[in-house]
Amino acid sequence: MLDGHFDFGNGFHGRVYLNPHQLFRHPSTIWRFAQDLIDVLPGSILDATDVVAGPATGGALLAHTIAGLLDSRREITRPPTLFAPLTADARSGYSLSRFYRQQVKGRNVLLVDDVRNTGQTLARCAEALRSSGATLLASAEIYDRMEAIAELDVPNVALAEYKAPPNYAADSCPLCASGVPINTF
Ligand SMILES: [Zn+2]
């Protein structure tokens, strides 16, 4: 997360720019955040989790990491935790391939993503998982922007919560008005 004066290219300017790709640039960073997220998730949810699922790309990378790390904390006799990626789909929002629909069917799923913005991505993923016969246990993310307009009917756990300051329409941006130079990212 960077502080400054940013032109988001969509007609809005703002003081804060969040780039989730920075989390994945060094794999060890996401491993550390995944461990920390596991540490704040209730034990009952972790214990019941059969599959960790997440939307491509960031959520799927995080889900893959968490699924692997969960097994390092479990009895070796227990079946290994499964992983399932959801991919963006113009028709239905998010979907699972046929292989992964079979993987999640009848299983308990923990749904994860890197950042929760409006919550709509998680809601669409939840819908795809449930329509494949999965039971959704909870959603979790590294960073919650506190702007969710779509809430799931299961617990949501965030490693960090931060409400970013508001953005401004480019033609009424107070930073532009006071001559603050625009940062590049
Ligand atoms: Zn501006």
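Quick check on the stretch 120-129. Is at least one of its residues in contact with a Gly (Cβ under 8 Å, 6 or more places away or on another chain) and not in a helix (DSSP H, G or I)?
no
Based on this model, can you work out whether E147 counts as on the phi < 0 side of the Ramachandran plot, over 20 Å from the mean Cα position of the chain (by Cα) and surrounded by fewer than 12 Cβ atoms within 10 Å (Cβ to Cβ)?
no
Any residue at all in the stretch 114-131 that's farther than 19 Å from A60 by Cα, over 12 Å from the mean Cα position of the chain (by Cα), surrounded by fewer than 16 Cβ atoms within 10 Å (Cβ to Cβ) and of a type outside the set (S, T, N, Q)?
No, that holds for no residue.
Please note which strands (runs of 3 or more DSSP E) are completely contained in the stretch 26-96 and include at least 1 residues that are more than 17 Å from the chain's Cα centre (by Cα) and surrounded by 13 or more Cβ atoms within 10 Å (Cβ to Cβ).
Counting at least 1 such residues, we get 82-89.
Go through (1) within 10 Å of the ligand (Cβ to nearest atom); (2) without any contact (Cβ under 8 Å) to a residue 12 or more places away in the chain; (3) not aliphatic (A, V, I, L, M) one by one and return the number of the condition T184 breaks.
(1)
Looking at the stretch 21-49, I want the residues that are more than 15 Å from E141 (Cβ to Cβ) and have a partner that is hydrophobic (A, V, I, L, M, F, W, C) and surrounded by 12 or more Cβ atoms within 10 Å (Cβ to Cβ) with Cβ atoms under 6 Å, at least 6 apart or on another chain. Which pairs are those?
Listed by first residue and then by second, the contacts come to T29/L23; A48/L137; T49/L110.
Could you please give the count of residues in the stretch 1-59 that are among the polar types (S, T, N, Q) and within 16 Å of the ligand (Cβ to nearest atom)?
Of the residues in that region, 1 qualify.
Can you name the residue in the stretch 152-180 that is farther than 29 Å from Q120 by Cα and part of a loop (DSSP other than H, G, I, E, B) and is also nearest to the ligand (Cβ to nearest atom) among such residues?
V180
How many residues does the stretch 1-39 contain that are touching a strand residue (DSSP E or B) at 6+ places or on another chain (Cβ under 7 Å) and charged (D, E, K, R)?
4
Any read-out appearing in this document is the output of simple, stated calculations on the displayed coordinates, not a laboratory observation. Predicted model, so just to flag it, every value in this text is computed and none were measured. For neighbour counting, all protein chains shown are included, and Cβ atoms are generated from backbone atoms with ideal geometry for every residue, glycine included.
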